[in-house]
Amino acid sequence: MAEHEFSDLYAQYPDIIAQMPEIFTSHQFILELAHQNQTIYIEALYSYRDHPHRGVPAPFLMVHGILAQHLLYYPALIEQVRKDASSKNIFGLENTCSEWIKV
């Protein structure tokens with residue numbers, strides 16, 4: 001399994017959280033994080049390009065899972081409201097993810 005140093009992306013979390021609406025999903029957050037930090041986001045995806053999920057490379061699934069989990073490290077800024085919010089993923093497919101509220 002590839003490993004990537006996510007600290008450059010993690011350093012952006014407080015600024016991105018501040019830009020998000022009062023209530024937002026992990027999908028919305030990741031999309032904004034990726035939009036504003038395209039180069040380091042692509043580097044993270046590339047480092048997981050061969051990481052399989054059900055026998056198929058799934059870099060987006062792996063990286064997005066890591067990025068979403070890291071939102072839990074900001075309890076002074078946000079609180080997880082639920083884990084099963086209906087949301088479209090980066091590919092526009094219906095899925096579920098966490099929903100967050102600013103504190």
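The values are calculated or read from the model by the stated rules, or taken from the named source; none is laboratory data. Owing to the predicted nature of the structure, the values given are computational and were not obtained by experimental measurement. Virtual Cβ from ideal backbone geometry, glycine too; neighbours counted across all protein chains shown.
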Confirm whether L31 is touching a Pro at 6+ places or on another chain (Cβ under 7 Å), at pLDDT 95 or above and not acidic (D, E).
no
Just to be sure, is Y41 buried (at least 18 other Cβ atoms within 10 Å of the Cβ) and more than 14 Å from the chain's Cα centre (by Cα)?
no
Taking the condition more than 12 Å from the chain's Cα centre (by Cα) and closer than 21 Å to I101 by Cα, does I16 pass?
no
Taking the stated definitions as given, is F24 buried (at least 17 other Cβ atoms within 10 Å of the Cβ), in contact (Cβ under 8 Å) with a residue 60 or more places away in the chain and closer than 12 Å to K102 by Cα?
yes
Among (1) surrounded by 15 or more Cβ atoms within 10 Å (Cβ to Cβ); (2) out of contact with any Ser or Thr (no Cβ under 9 Å at 6 or more places or on another chain); (3) assigned to a strand (DSSP E or B); (4) not aromatic (F, W, Y), the one test that A85 misses:
(2)
Find the residue count for segment 44-71, including only residues that are under 14 Å from Y10 (Cα atoms) and out of contact with any strand residue (DSSP E or B) (no Cβ under 7 Å at 6 or more places or on another chain).
8
Restricting segment 49-76 to residues that are more than 14 Å from the chain's Cα centre (by Cα) and either among the basic types (K, R) or closer than 25 Å to E99 by Cβ (or both), the residue that is modelled with the lowest pLDDT:
H53
